[in-house]
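Visitor: Before we start, here is the structure in question, set down as C-alpha cells.
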Amino acid sequence: MFNIVLVSPQIPQNTGAIGRLCVNGNLNLHIIKPTIFSLDEKAVRRAGLDYWHKLNPKIWESLDEFLEANSNKFDRFFFATTKSKTPYFEAKFLPGDYLFFGGESTGLPMELMKKKWENAITIPMGKDGRSLNLAISVGIVAYEAIRQNFLNFEGVV
C-alpha cells in the first residue's frame, strides 16, 4: 500500500477526489495542516461521495509533526514538483512509499524536497502548461506506483 501525502491542500473538491482515489487504489491518505478549509466541509464529502467514510485519513497538525513521526522512512519519500527534471515514471516505487504533493498554488516547500532531492519527480507537460490539477497529478503518479508493483498490489482488480 502506498501513502499519499497532501501538504497544505487548498481546494476541498481536490482533497475529496483524492480521498475517493485513495479508497479505490487502496492507498493511505495523509493530510498535513494547515488547510484553508475544514476537513468536515461539505465540498470534501461531496467530491468523495460515499467513499469518504471508508477513507480514515491521517490528519497531521504540521509538517514537522509528520516528519518527526516518519523520519526513519525518509529514503522512500517522493516529491511531485514542477521544479524537477526527473519524470515520475523513472522513479522505482515500492509498496509503503510516501508520495508527496503540495498545495494547489504553493507546491511543496523547497526545504522539504532538498532533504531528498534525488526523489523529486515531475509529470512531463507541454510548453504551454504550468501545472496540472492536484487530483489529476495524484492519480497519475499513484497509478504508476501501482502499475510498477501490480503483482504485489493489495487492491481488487
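The values are calculated or read from the model by the stated rules, or taken from the named source; none is laboratory data. These numbers come from a predicted model, not from an experiment. Neighbour counts run over all protein chains shown; Cβ positions are idealised from the backbone, glycine included.
Visitor: For the range 103-125, which positions are surrounded by 12 or more Cβ atoms within 10 Å (Cβ to Cβ), farther than 15 Å from Val5 by Cβ and of a type in the set (A, V, I, L, M, F, W, C)?
Guide: Met110, Trp117, Ile123
Visitor: Same structure, new question: Taking the condition in contact with a helix residue (DSSP H, G or I) (Cβ under 7 Å, 6 or more places away or on another chain), under 23 Å from Ile123 (Cβ atoms) and modelled with pLDDT of 95 or more, does Leu27 pass?
Guide: Against the criterion (in contact with a helix residue (DSSP H, G or I) (Cβ under 7 Å, 6 or more places away or on another chain), under 23 Å from Ile123 (Cβ atoms) and modelled with pLDDT of 95 or more), Leu27 qualifies.
Visitor: For the range 126-137, give me each residue that is outside any helix (DSSP H, G or I) and either touching a residue at least 40 places away in the same chain (Cβ under 8 Å) or surrounded by 20 or more Cβ atoms within 10 Å (Cβ to Cβ) (or both).
Guide: Listed by number, the residues that qualify are Arg130, Ser131, Asn133.
Visitor: Residues to consider are Leu21, Leu39, Leu49; find the one that is among the aliphatic types (A, V, I, L, M), surrounded by 16 or more Cβ atoms within 10 Å (Cβ to Cβ) and either at pLDDT 95 or above or outside any loop (DSSP other than H, G, I, E, B) (or both).
Guide: Numbers: Leu39 fails: either at pLDDT 95 or above or outside any loop (DSSP other than H, G, I, E, B) (or both); Leu49 fails: surrounded by 16 or more Cβ atoms within 10 Å (Cβ to Cβ).
Result: Leu21 is the single residue among Leu21, Leu39, Leu49 that is among the aliphatic types (A, V, I, L, M), surrounded by 16 or more Cβ atoms within 10 Å (Cβ to Cβ) and either at pLDDT 95 or above or outside any loop (DSSP other than H, G, I, E, B) (or both).
Visitor: Please work out if Ala142 is under 14 Å from Phe2 (Cβ atoms), surrounded by 13 or more Cβ atoms within 10 Å (Cβ to Cβ), touching a residue at least 24 places away in the same chain (Cβ under 8 Å) and small (Gly, Ala, Ser).
Guide: Judged against the criteria, Ala142 is a match.
Visitor: Of the numbered conditions (1) within 25 Å of Asn149 (Cβ to Cβ); (2) under 15 Å from the mean Cα position of the chain (by Cα), Leu63 fails exactly one; give the number of that condition.
Guide: Going through (1) within 25 Å of Asn149 (Cβ to Cβ); (2) under 15 Å from the mean Cα position of the chain (by Cα) one by one, Leu63 breaks only (1).
So that you can scan it fast, the table gives a plain yes or no per residue for (1) charged (D, E, K, R); (2) over 17 Å from Asn24 (Cα atoms); (3) free of Cβ contacts under 8 Å to residues at least 24 places away in the same chain:
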{"position": "Asn56", "(1), (2), (3)": "no, no, yes"}
{"position": "Leu63", "(1), (2), (3)": "no, yes, no"}
{"position": "Phe66", "(1), (2), (3)": "no, yes, no"}
{"position": "Phe78", "(1), (2), (3)": "no, yes, no"}
{"position": "Thr81", "(1), (2), (3)": "no, yes, no"}
{"position": "Pro87", "(1), (2), (3)": "no, yes, no"}
{"position": "Glu90", "(1), (2), (3)": "yes, yes, no"}
{"position": "Leu94", "(1), (2), (3)": "no, yes, no"}
{"position": "Asp97", "(1), (2), (3)": "yes, yes, no"}
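Visitor: Is at least one residue of the range 92-103 in a helix (DSSP H, G or I) and not polar (S, T, N, Q)?
Guide: no
Visitor: Condition (residue is out of contact with any strand residue (DSSP E or B) (no Cβ under 9 Å at 6 or more places or on another chain) and within 17 Å of Ile140 (Cβ to Cβ)) applied to the range 72-95: is it met by at least one residue?
Guide: Looking through the range 72-95, at least one residue is out of contact with any strand residue (DSSP E or B) (no Cβ under 9 Å at 6 or more places or on another chain) and within 17 Å of Ile140 (Cβ to Cβ).
Visitor: Further, regarding this structure: Can you tell me which residue among Ile140, Ile121 is at pLDDT 95 or above, among the aliphatic types (A, V, I, L, M) and assigned to a helix (DSSP H, G or I)?
Guide: The match here is Ile140.
Visitor: May I ask you to say which residue of Leu112, Leu151 is under 24 Å from Lys33 (Cα atoms), outside any loop (DSSP other than H, G, I, E, B) and of a type outside the set (Val, Ile, Thr)? Please lay out each step first, then the result.
Guide: Working: Leu151 fails: under 24 Å from Lys33 (Cα atoms).
Leu112 is the lone residue from the list that is under 24 Å from Lys33 (Cα atoms), outside any loop (DSSP other than H, G, I, E, B) and of a type outside the set (Val, Ile, Thr).
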